[in-house]
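Here the structure comes first, spelled out in structure tokens, and everything after it is commentary.
The values are calculated or read from the model by the stated rules, or taken from the named source; none is laboratory data. These numbers come from a predicted model, not from an experiment. Here the Cβ is made from the backbone with ideal geometry for all residues, glycine too, and neighbour counts use every protein chain on show.
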């Protein structure tokens, strides 16, 4: 994707990777609108950073459509959607009690991006240079034992991205998959201070550099995530699974 002069919508961007990416893209010369459920937080971020904001709950189909209508009314030149929607929780499938957690993860991590894509894909195809960015995870390729549904949801996003890229070939829409490693955010409590995770600023620095140097890339892979992304194809899958689950 081009790194400047875009109009970009990033839902789920009131904190963590989404917010950090929004601020970097804004600084690169783009108009950036962020979305989230917490109106007070959105107002604060608009005041502090000058970001556009829209209230949206990606688990609610009506909320997604209302946000879409408002965005396209105010920003008809919108040409980049970052379909970022993710929650991560531990589960233990040895008892049936895991199901509500699993269903919540699926509703957010799979159905949320599907709703966003369905809402915006026809508009994106009217723009001469459009990008649809999905957000998966290194855990789509090498699983962490205590987050089975999260791993599976991100594996879905990876394969879905690969497939819709085939369908959208020949249109104006590029499909780019962002594949984060473990990053210092509060995706799970305490992760933002985990010294073994990649610092958020370093991650976004590398992502921006890759977007600039590889404008035609289909996957954005920082160096750290390649340990997980290519474990199977490089013949070290079992050892990598054992390594990342050693603490458990």
Next on the checklist: Quick check on the stretch 68-87. Is at least one of its residues closer than 23 Å to residue 104 by Cα and surrounded by fewer than 17 Cβ atoms within 10 Å (Cβ to Cβ)?
Outcome noted: no
Checklist outcome for this item: For the stretch 64-97 the number of residues that are assigned to a helix (DSSP H, G or I) and farther than 20 Å from residue 151 by Cα is 11
Item to check | Residues (crowded, with 16+ Cβ neighbours inside 10 Å and out of contact with any strand residue (DSSP E or B) (no Cβ under 9 Å at 6 or more places or on another chain)) located in the stretch 158-167 | outcome: none
Next on the checklist: Looking only at the stretch 50-71, count every residue that is over 21 Å from the mean Cα position of the chain (by Cα) and in contact (Cβ under 8 Å) with a residue 12 or more places away in the chain and tell me the total.
Outcome noted: 2
Next on the checklist: Residues that are at pLDDT 95 or above, touching a helix residue (DSSP H, G or I) at 6+ places or on another chain (Cβ under 8 Å) and over 25 Å from residue 181 (Cβ atoms), at least 2 per element: which strands (runs of 3 or more DSSP E) completely within the stretch 1-59 meet that?
Outcome noted: 52-55
Checklist entry - Which is crowded, with 21+ Cβ neighbours inside 10 Å and modelled with pLDDT of 95 or more, of 152, 138, 170? => result 138
Checklist entry - For the stretch 98-157, which residues satisfy the criterion of being touching a strand residue (DSSP E or B) at 6+ places or on another chain (Cβ under 7 Å) and not in a helix (DSSP H, G or I)? => result 125, 130, 131, 132, 133, 134, 135, 136
Item to check | Criterion (on the phi < 0 side of the Ramachandran plot, more than 20 Å from the chain's Cα centre (by Cα) and not in a helix (DSSP H, G or I)) met by exactly one of 171, 185 | outcome: 171
Checklist entry - Are any residues in the stretch 37-67 closer than 15 Å to residue 18 by Cα and surrounded by fewer than 14 Cβ atoms within 10 Å (Cβ to Cβ), and if so, which ones? => result 38
Checklist entry - Quick one: would you say residue 228 is in contact with a helix residue (DSSP H, G or I) (Cβ under 9 Å, 6 or more places away or on another chain), surrounded by 17 or more Cβ atoms within 10 Å (Cβ to Cβ) and outside any helix (DSSP H, G or I)? => result no
Checklist entry - Of all residues in the stretch 231-248 being part of a loop (DSSP other than H, G, I, E, B) and at pLDDT 95 or above, which is surrounded by the most Cβ atoms within 10 Å (Cβ to Cβ)? => result 231
